[in-house]
Amino acid sequence: MLRALLLTLSVVAIVHAELCKPDAQNAFKVRISIKTALGDNAYAWDANEEYLFKAMVAFAMRRYSSKSTTQISNVLLCNVTDRVSFWFVVTDSSKNVTTVPGSEVEAAIRMNRNRINSAFLLSDKTLQFLKITSTLSPPVEPSTPVWLIVFGVVLCLIVAGIVFLIVSGIQKHKKKNKESTERENLEEKVEVTLENGIPCEALDLKTGRINGVFAADDERFTSL
Amino acid sequence: LSATPEIPKEDGRPKWDNKFQYILSCIGFAVGLGNVWRFPYLCQIHGGGAFLIPYFIALLFEGIPLLHLELALGQCLRKGSIGAWNTISPYLGGIGVGSWVVSVLVSLYYNTVLTWVMWYFINSFQEPLPWSVCPLNENRTGFNEECYESTAVNYFWYRKTLNITPDIAESGTLQWWLILCLATCWAVVYLCTIRGIETTGKAIYVTAIFPYLVLTIFLIQGLTLPGATDGLIYLFTPNLNTLKNPRVWLDAATQIFFSLSLAFGGLIAFASYNPTKNDCEKDAVTVAIVNSMTSLYASIPVFSVLGFKATTAYWDCLDRNIISIINEFDLPEESITRQNYTSWISFLNSSYPEKIAGLKLKSCNLQEFLDQSVSGTGLAFIVFTQAIILMPGSQAWAILFFIMLFSLGLSSMFGNIEGVFTPLLELRIIPKSAPKELLSGIICLISFLIALCFTLRSGSYWIDIFDRYAGSVPLLVIAFFEVIGVAYIYKIKRFSKDVEWMTGRKLNLYWHITWRFISPLLLLIVFMAFVTLQMQKPPSYTAWNPKYEGFPMKEEKVYPSWVQAICVLLAALPCVCVPLVALFHLVKQKRRSKDPSFVSPEVFSYQGANS
């Protein structure tokens, strides 16, 4: 009885070793960078985490093919290194000792990538399935480009400034014109009475005025 | 004939509100984009601190004398460049016309550089910055190929901003976003120069002082970045051996010359609005020293940031190598750090050399990253923008940086536009009754329409041409004729009497020697050396061609012959004004001497002085 058990176990182990080895058919390499993703909150990769991984892959296979035949024991892990990296393969329990085709596994993982990532608190870059590429999400683009809005604001300010300066320049010009015409009118009102070209106000009527023509030549007057 | 004591006090000429405005305008004109993106580059490639020796010698014997000459000329004659040179002698009027032509050509392309700065500025309000990520390709499987092969920053500059063609002969179409930004820039210039110095005098308080604030902020931030000290040590470590190379002396002389914005006519225009009794000697020395100190001050944050960028690139290189090694050998994470990388590499190389060779690791050398020196637009739009992405709070840094560049360029534009505006105002192109706003509006509108050709897809190649040919050789020629004209035609004795009247003290021997002998000789040597160096190889340019084998390296191409003809035209046009105007007056003289109603030439120049 014991011998039969040992024999079955060894057969299973050998079969597993056959199915899951690096570069085996339908096997995928996984690389996990926990310290890069989580820094100080990094957890250690141990057997429990491996169990969770197997569970997630089984979950992905179940969701993808919608047949509930994939068990956790169908997922085989091997060659776990310190990196942390390992190979895994999914066996088909219905068919005899074969692995599920790689394309199915790939499609299943791709469909549920987000769920698998969040289970481990990792991202596409830190939980890498080496042969499975991820589709990149497009960058968020607002409906109006932001730069047009900023440009509009800047242009409005500048045009407002120009209009203000031009209008104030025209107003100053008009005020200067009005002032100069007012001054001209004022000067005209002042020069009302003119006598021989001399305004009457300038004439100091008290002291009199010497007429230079007659006072110029002293020799005209006879000396006393 | 001396032009000084008969000048009436109230000639209706606009004047500065105060002395500080005038000094600030001159400083703003001199301090421009070149102080930030050309001086640090020259310092770096010409032996660091050792470059300061030829730089200060050039400042002493070429920069300060020429600056004093221009300021004294403008202040004494109280006219723009064309009027001033016509006053000295009608035969020398060509110098003024040449200055005016250079100012026009430089204004056209300089504002287009500001257009690029504005485009980056309005794009800095996005999160994440548009030059930090590559766009995806059509089927969303990877990144855009052109972007992936070069970098996101390169892609944003060459494709999203310039949309550059692989060859200068392919003009492409006008780029509408650049047209919008160009219109905005010319609107800003119009807003600030609308009434000449009345409005630029107010605007200069902001545009001249703001860059210093931002430089200080960047200085403080830059010094706290990792790797900043490496950059600074690299910049300032003197290597006296470079002084044996004549190229270094030539670069120092040309840098001082172009940095002080000499021979544009803008300085003459600024000084002409001064009261005549003003100490122009002190002004000249102040402006020159402030300009050089600003160059030095600006190079500190620039090199801190460049050191930071080089260190980050070095760390990235190391990290990439470390990841490949860890993945290949399945070693646990963080077993290899940047510190023990070299010991690990030597160990692995001895044990598994084939595996290591198969990984094709790049050699990471900090010196190599520091050596990647760039100047000009490459520094601002590629290198600096890349460094800004790596800083925390990148939007704020980007916005500050581009506003600073915009103010630096704008204050230089004021000087350029003044060099165009003042002579036109004096030549009475528009009737006196028409407002000044109209003339400045016409200038800005015409310049905008001509500058539209720089918004073509090949526009950046044309700007390089304008920068290299219109903004270099003609200035040397004009400055040479300026010094010769004042020293030997107007005569130093007369000029020194004018300067003494203005400053109130006797002219120092230093000015006599430099104006008479040293500066003209130095200018002649610099001009010959410059032209010889340009002629040594056929004029070529580097083109951004995604289909080139060596992409992302730029492809070296030779200018086609029609482009070379345009280059020669650009360089020759301002220079040829000098002899042409002299010839024109000579012919006019000869014709007048044959005319029976002969009027002597002294009357003409006398009339010129009084008008």
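The values are calculated or read from the model by the stated rules, or taken from the named source; none is laboratory data. Remember, predicted model here, so these are calculated numbers, not experimental data. Ideal geometry is used to build each Cβ from the backbone, glycine not excepted, and the neighbour counts take in all protein chains shown.
Just one of (1) within 14 Å of chain A (Cβ to nearest Cβ); (2) more than 30 Å from residue B:299 (Cα to Cα); (3) of a type outside the set (Ser, Thr, Tyr) fails for residue B:118. It is (2).
Rundown of residues vs (1) more than 24 Å from the chain's Cα centre (by Cα); (2) at pLDDT 85 or above; (3) not acidic (Asp, Glu), yes/no style:
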site	(1), (2), (3)
B:196	no, yes, yes
B:204	no, yes, yes
B:207	no, yes, yes
B:223	yes, yes, yes
B:235	no, no, yes
B:238	yes, yes, yes
B:250	no, yes, yes
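For the range B:201-211, indicate whether the set of residues that are surrounded by fewer than 19 Cβ atoms within 10 Å (Cβ to Cβ), in a helix (DSSP H, G or I), of a type outside the set (A, V, I, L, M) and within 13 Å of chain A (Cβ to nearest Cβ) is non-empty. Taking every residue of the range B:201-211 in turn, at least one turns out to be surrounded by fewer than 19 Cβ atoms within 10 Å (Cβ to Cβ), in a helix (DSSP H, G or I), of a type outside the set (A, V, I, L, M) and within 13 Å of chain A (Cβ to nearest Cβ). Taking every residue in the range B:428-442 that is within 11 Å of chain A (Cβ to nearest Cβ) and in a helix (DSSP H, G or I) and pairing it with any residue that is of a type in the set (Phe, Trp, Tyr) and surrounded by 14 or more Cβ atoms within 10 Å (Cβ to Cβ), at least 6 positions away or on another chain, the pairs with Cβ-Cβ distances below 7 Å are B:440/B:190; B:440/B:421; B:441/B:190. Of all the criteria given as (1) within 30 Å of residue B:418 (Cα to Cα); (2) at pLDDT 90 or above, the one not satisfied by residue B:217 is (1). In the range A:143-160, the residues that are facing chain B (nearest Cβ under 7 Å) reach residues that are of a type in the set (Phe, Trp, Tyr) and in a loop (DSSP other than H, G, I, E, B) with C-beta atoms within less than 6 angstrom, at least six apart or across chains, in these pairs: A:146/B:125; A:150/B:125.
Of the residues making up the range B:7-64, those that are of a type in the set (D, E, K, R) and part of a helix (DSSP H, G or I) are B:19, B:62.
Would you list the helices (runs of 4 or more DSSP H) that sit entirely within the range B:320-417 and hold 2 or more residues that are touching a Lys or Arg at 6+ places or on another chain (Cβ under 7 Å) and within 26 Å of residue A:36 (Cβ to Cβ)? The helices (runs of 4 or more DSSP H) meeting that bar are B:385-390.
Checked against the criterion of being away from chain A (no Cβ under 14 Å), closer than 28 Å to residue B:225 by Cβ and among the hydrophobic types (A, V, I, L, M, F, W, C), the range B:345-352 has at least one qualifying residue.
Count of the range B:532-553 residues, restricted to those that are surrounded by fewer than 14 Cβ atoms within 10 Å (Cβ to Cβ) and either touching a His at 6+ places or on another chain (Cβ under 6 Å) or not acidic (Asp, Glu) (or both), is 11. Checking each residue in the range B:517-556 for being among the small types (Gly, Ala, Ser) and under 30 Å from residue B:57 (Cα atoms) picks out B:519, B:529.
Tell me, please, whether a residue that is within 25 Å of residue B:577 (Cα to Cα) and basic (Lys, Arg) can be found in the range B:468-486. For the range B:468-486, residues within 25 Å of residue B:577 (Cα to Cα) and basic (Lys, Arg): present. Going by the conditions given, is residue B:478 in contact with a helix residue (DSSP H, G or I) (Cβ under 7 Å, 6 or more places away or on another chain), surrounded by fewer than 16 Cβ atoms within 10 Å (Cβ to Cβ) and assigned to a helix (DSSP H, G or I)? No.
Here residue B:369 meets the list (1) free of Cβ contacts under 8 Å to residues at least 24 places away in the same chain; (2) out of contact with any strand residue (DSSP E or B) (no Cβ under 7 Å at 6 or more places or on another chain) almost entirely, failing just condition (1). For the range B:169-184, the criterion of being over 22 Å from the mean Cα position of the chain (by Cα) and within 25 Å of residue B:271 (Cβ to Cβ) is satisfied by no residue at all. Of all residues in the range A:70-85, those that are more than 18 Å from residue A:18 (Cβ to Cβ) and at pLDDT below 85 have Cβ atoms under 6 Å from Cβ atoms of residues that are surrounded by 14 or more Cβ atoms within 10 Å (Cβ to Cβ) and β-branched (Val, Ile, Thr), 6 or more apart or on another chain, in A:84/A:32. Every condition in (1) under 30 Å from residue B:422 (Cβ atoms); (2) assigned to a helix (DSSP H, G or I); (3) more than 14 Å from every other protein chain (Cβ to nearest Cβ) holds for residue B:182 except the one numbered (3). Residue count for the range B:121-134 under the criterion of being of a type in the set (A, V, I, L, M, F, W, C) and at the interface with chain A (Cβ under 9 Å from one of its Cβ atoms): the result is 4. Pull up the range A:13-36, narrow it to residues that are surrounded by fewer than 18 Cβ atoms within 10 Å (Cβ to Cβ) and in a helix (DSSP H, G or I), then point me to the one that is nearest to the other protein chains (Cβ to nearest Cβ). Going through the qualifying residues, I end up with A:35.
Selection within the range B:167-179: residues that are more than 10 Å from chain A (Cβ to nearest Cβ) and in a helix (DSSP H, G or I). The member of this set that is surrounded by the fewest Cβ atoms within 10 Å (Cβ to Cβ) is B:176. Looking across the range B:135-156 at every residue that is in a loop (DSSP other than H, G, I, E, B) and under 27 Å from residue B:182 (Cβ atoms), the one that is farthest from the other protein chains (Cβ to nearest Cβ) is identified as B:150. Out of B:313, B:269, B:288, B:263, one residue alone is out of contact with any His (no Cβ under 6 Å at 6 or more places or on another chain), of a type in the set (A, V, I, L, M), more than 24 Å from residue B:482 (Cα to Cα) and buried (at least 19 other Cβ atoms within 10 Å of the Cβ). It is B:313.
A single member of A:80, A:75, A:100, A:57 is of a type in the set (A, V, I, L, M) and within 14 Å of chain B (Cβ to nearest Cβ), and it is A:80. Return the residue satisfying two criteria in turn: it lies in the range A:83-95 and is of a type outside the set (Asp, Glu) and assigned to a strand (DSSP E or B), and of such residues it is nearest to the other protein chains (Cβ to nearest Cβ). Out of the qualifying residues, it is A:85.
A count restricted to the range B:220-232 and to residues that are assigned to a helix (DSSP H, G or I), more than 17 Å from residue B:41 (Cβ to Cβ) and of a type in the set (A, V, I, L, M) stands at 3. Every condition in (1) out of contact with any helix residue (DSSP H, G or I) (no Cβ under 7 Å at 6 or more places or on another chain); (2) part of a helix (DSSP H, G or I) is met by residue B:538 except one, and the failing one is (2).
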